[in-house]
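Please read the structure below before turning to the comments.
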Amino acid sequence: MVSAFGIALFGFVLATALATALLRDILAVIVVFAAYSLGMALFYAFLLAPDVAMTEAAIGAGVTTLLLLLTIATTVRDDVGIAIERPNLPALVVFGGLLVVMIGTVTQFPALGSRNAPVWSNPEVTQYYLEHSYKDTKVHNAVTAVLAGYRGFDTFGEAVVVFAAGISTLAVLGREVFTRE
Amino acid sequence: MPAGAGTAPVAFISAELVTDVFLGAATAFILLAVAMFYRVVKGPSTQDRVLAVNVLGTNTVVVLALLAAALGEPSLLDIALVYALLNFLMAVAISKFTVERGGVL
């Protein structure tokens, strides 16, 4: 039953990704891309990565659509009659090459829990965090504990950089974008 | 699973069955989402597409809640809440875009 859900979700994400790549109308692509983001968030949740799914929810459903809309509001939308884009042959070749490389990489991954995985090349460090992270930070998820606890100042610095970038973007734009010329 | 004090719980419904039923329901909702996605791709006007994606967003909230019940992960309910809160954003943004551009896109 788990695999049936996974297959159905995979089909949905594949359909949304293909539609995003092939549709010609930019506004339609933005809407379809939001649907793709919904599917990916479901995938993250299904694979038990709730923090990533939460980020996808905030970024995909909120910020990305707004940014893309703001972008096409300041540019021109060319109105071509065709609905479906004709695939570009060089792009297809690049895509095929990337696909081969990624499938090759995924098949070479060490098995889940394998003792030969690179993470076990330094067992003392791994074991230390697995054993102490809950006691030190009271966070159940060890990855979250490292990200927000042990290297909290680093994550805080990243957040400051993103915030500064957002503020400077606002300063550069400087005006309401959704205005009639 | 709450059982009556002192009495052994009668296991008509096993935990595996509950998981299977919830996951099956989630799968059915995903299939419905695929059907709704046809309208997103086909929809002649942008309004059709936005409305269809709004339905997909609501669908996602339901699937997340079903997954939370099936996998026993209550934290997925938080993501469902975030989606329910953010679902209206795109509709509002595209409506504003349409109005400011003047006329129906």
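The values are calculated or read from the model by the stated rules, or taken from the named source; none is laboratory data. This is a predicted model, so every value here is computed, not measured. Here the Cβ is made from the backbone with ideal geometry for all residues, glycine too, and neighbour counts use every protein chain on show.
For this structure, a couple of remarks:
- One residue stands out among those in the range A:1-16 that are crowded, with 16+ Cβ neighbours inside 10 Å and more than 7 Å from chain B (Cβ to nearest Cβ): the one that is nearest to the chain's Cα centre (by Cα), which is A:VAL13.
- For A:VAL94, the requirement of being over 23 Å from A:ALA49 (Cβ atoms) and of a type in the set (A, V, I, L, M) is met.
- Filtered residue count, the range A:86-127, keeping only those that are closer than 30 Å to A:ALA17 by Cα and part of a loop (DSSP other than H, G, I, E, B): 8
- The range A:106-162, residues that are β-branched (Val, Ile, Thr) and either touching a Phe, Trp or Tyr at 6+ places or on another chain (Cβ under 9 Å) or at pLDDT below 85 (or both): A:VAL119, A:VAL125, A:THR126, A:THR137, A:VAL139, A:VAL143, A:THR144, A:VAL146
- Qualifying residue in the range A:56-64 (condition: closer than 26 Å to B:LEU17 by Cβ and either within 7 Å of chain B (Cβ to nearest Cβ) or buried (at least 16 other Cβ atoms within 10 Å of the Cβ) (or both)): no
- The residues listed here are A:ALA91, A:ALA28, A:ALA41, A:ALA73; of these, the one that is touching a Phe, Trp or Tyr at 6+ places or on another chain (Cβ under 9 Å) and without any contact (Cβ under 8 Å) to a residue 40 or more places away in the chain is A:ALA41.
- Filter pass, A:ILE30 being within 10 Å of chain B (Cβ to nearest Cβ), in contact with a helix residue (DSSP H, G or I) (Cβ under 6 Å, 6 or more places away or on another chain) and either over 27 Å from B:LEU56 (Cβ atoms) or of a type outside the set (Ser, Thr, Tyr) (or both): yes
- Members of the range A:104-131 found to be closer than 19 Å to A:TYR150 by Cβ, surrounded by 10 or more Cβ atoms within 10 Å (Cβ to Cβ) and over 26 Å from the mean Cα position of the chain (by Cα), listed by number: A:ASN122, A:PRO123, A:VAL125, A:THR126, A:GLN127, A:TYR128, A:TYR129, A:LEU130, A:GLU131
- Considering the range B:27-58, the residues that are in contact (Cβ under 8 Å) with a residue 24 or more places away in the chain and facing chain A (nearest Cβ under 8 Å) include one that is surrounded by the most Cβ atoms within 10 Å (Cβ to Cβ), namely B:VAL53.
- Considering the range B:75-105, and only residues there that are within 10 Å of chain A (Cβ to nearest Cβ), without any contact (Cβ under 8 Å) to a residue 12 or more places away in the chain and not in a helix (DSSP H, G or I), the residue that is surrounded by the fewest Cβ atoms within 10 Å (Cβ to Cβ) turns out to be B:GLY102.
- Complete set of residues in the range A:139-167 that are among the aliphatic types (A, V, I, L, M) and in contact with an Asp or Glu (Cβ under 9 Å, 6 or more places away or on another chain): A:VAL143, A:ALA145, A:LEU147
- Residue in the range B:72-95 that is closer than 25 Å to B:VAL41 by Cα, over 13 Å from the mean Cα position of the chain (by Cα) and hydroxyl-bearing (Ser, Thr, Tyr) present: yes
- Test: A:GLY81 is out of contact with any helix residue (DSSP H, G or I) (no Cβ under 7 Å at 6 or more places or on another chain), at pLDDT 85 or above and not hydrophobic (A, V, I, L, M, F, W, C): no
Residue-by-condition table, conditions (1) modelled with pLDDT under 85; (2) part of a helix (DSSP H, G or I):
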{"site": "B:GLY6", "(1), (2)": "yes, no"}
{"site": "B:GLU16", "(1), (2)": "yes, yes"}
{"site": "B:ILE30", "(1), (2)": "no, yes"}
{"site": "B:GLN47", "(1), (2)": "yes, yes"}
{"site": "B:ALA52", "(1), (2)": "no, yes"}
{"site": "B:THR58", "(1), (2)": "no, yes"}
{"site": "B:VAL62", "(1), (2)": "no, yes"}
{"site": "B:ALA65", "(1), (2)": "no, yes"}
{"site": "B:ALA69", "(1), (2)": "no, yes"}
